[in-house]
Amino acid sequence: MRLRGHEFIWGRRTYLMGVVNVTPDSFSDGGEAYSPDAALEKALSLEEAGADILDVGGESSRPFSEPVDTEEELRRVIPAIRVIRKSCNCPVSIDTTKARVAMAAINEGADLVNDISALRFDPEMAPFIASSGVPVVLMHMKGQPRNMQQGPWYDDVINEIRDFLAERISFAQKAGIPRENIIVDPGIGFGKRLEDNLAIIRQLRRFTDLECPVLIGPSRKAFLGSITGIKEPKQRDVATLGAAAICVANGADIIRVHDINMTRQVTLVADAICR
């Protein structure tokens, strides 16, 4: 996959997606990059630390969060992407489920779409991605952010997620999106219990036979707090590193994280050992 002149060769090393939240209420760093200038500062620091992709999002998807309307999401993300694109060479991802937001972001220079709904929430998203030719991340989520953690249950979590992602890949291809433009994400923390998140990381290679790159986002998530007893998300970076190392060992292609600097050191060592 080529993004803004950067070549991504899956299996050679682990790539890092840095988080730029232009929201007031994200679970980990809400409000830190809410203004365009703050978003640019954050993006530049992530790029300097070694981020391979910058993921810009204007709608919190934390558990029990309420949706943001399209106009407000546009107001948040478009000025941020505009200033980031002027100063950063790093590929930019737009984290959205709305086709209008994705269209505007791609027009401002974003390079791929990260859709946590896997093209389910907006019927215009799949046709837009097919016509624009940009890659897309398809993520598994049970329910919606506002209700996904209300008693999630699986009989066989890995097979159920695999079946969901396989169906979404098929849907995307039928809509005209080529398989080489599809990345899959099993959705750590999105309608998952502690044991589900651990199983996903432990059995991550089960998703590689979907023949799409695998992205995973364990960064600062609540399951790490359940294990360590650390309540404050920003204090879970060391715990995140433990999860990231296992993700590399188990075949992750992209890891989405808040702290690129420390994670980069971990993935360099883990890649040297495992790849």
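Taken together, the values in this text are just the output of simple stated rules run on the coordinates, not laboratory data. Treat the numbers as computed from the prediction; the structure is a model and nothing was measured. Ideal geometry is used to build each Cβ from the backbone, glycine not excepted, and the neighbour counts take in all protein chains shown.
So here's what we get for this one:
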item: Unsatisfied cross-links (Cα-Cα over 23 Å) in the set 86/234; 98/142; 86/221; 98/174; 142/221; 174/221; result: 86/234; 86/221; 174/221
item: Residue 175-residue 71 pseudo-label distance in nm [points 7 Å out on the Cα-to-Cβ vector]; result: 2.6
item: 5 angstrom amide H check on residue 138, placed H, neighbours 5+ away; result: 183, 184, 185
item: Gap separating the Cα centres of the range 248-275 and the range 117-189, nearest whole Å; result: 24
item: 20 °C / 1.002 mPa s Stokes-Einstein diffusion coefficient of the range 39-194, Kirkwood radius on C-alpha pairs, µm²/s; result: 133
item: Gain in span if fully extended, residue 45 to residue 275, counting 0.36 nm per residue against the direct Cα distance; result: 80.1 nm
item: Alpha-carbon centroids, the range 195-235 and the range 50-100: separation in whole Å; result: 22
item: Relative pair counts by distance (%), Cα atoms of the chain, 5 Å bins; result: 1, 6, 14, 18, 21, 19, 14, 6, 1, 0
